[in-house]
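Visitor: I'd like to ask you about the structure that follows.
The values are calculated or read from the model by the stated rules, or taken from the named source; none is laboratory data. Bear in mind the structure is a predicted one, so any value in this text is a computation, not a measurement. For neighbour counting, all protein chains shown are included, and Cβ atoms are generated from backbone atoms with ideal geometry for every residue, glycine included. The area values use the complete protein model at the heavy-atom level, side chains included, leaving out ligands, DNA and RNA. Shrake-Rupley method; radii C 1.70, N 1.55, O 1.52, S 1.80 Å.
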Amino acid sequence: MNEPAFPVRQDVNGYVNQYSGMTLRDYFAAKAMQAIIARGWEVVSSPKWAYEVADAMLKSRTEPKL
């Protein structure tokens, strides 16, 4: 459920390489933090909240679609 955000890349020769990088959870949290900072919200307690948002986003990916 917490797979890599960018699990593969294609090199200049067209080969696809797998690599580990940030997790999808970290990517979602970073995007949430970006929105928090852009809106001028309090940053002190925001990292915890950003990961709560990321967890909610991950959960919504696994829930059945309506």
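Visitor: Can you name every residue in region 32-62 that is open to solvent by 100 Å² or more (accessible area, probe 1.4 Å) and within 19 Å of F6 (Cα to Cα)?
Guide: Q34, K59, R61 - these are the residues of region 32-62 that are open to solvent by 100 Å² or more (accessible area, probe 1.4 Å) and within 19 Å of F6 (Cα to Cα).
Visitor: Given the conditions (1) at pLDDT 70 or above; (2) in contact with a Phe, Trp or Tyr (Cβ under 8 Å, 6 or more places away or on another chain); (3) open to solvent by less than 80 Å² (accessible area, probe 1.4 Å); (4) not aromatic (F, W, Y), report the number of the one that P7 does not fulfil.
Guide: With (1) at pLDDT 70 or above; (2) in contact with a Phe, Trp or Tyr (Cβ under 8 Å, 6 or more places away or on another chain); (3) open to solvent by less than 80 Å² (accessible area, probe 1.4 Å); (4) not aromatic (F, W, Y) applied to P7, the lone miss is (1).
Visitor: Given the structure, is Y15 open to solvent by 100 Å² or more (accessible area, probe 1.4 Å) and either at pLDDT 75 or above or at negative phi (or both)?
Guide: On the way: open to solvent by 100 Å² or more (accessible area, probe 1.4 Å): yes; either at pLDDT 75 or above or at negative phi (or both): yes.
Yes: the conditions hold for Y15.
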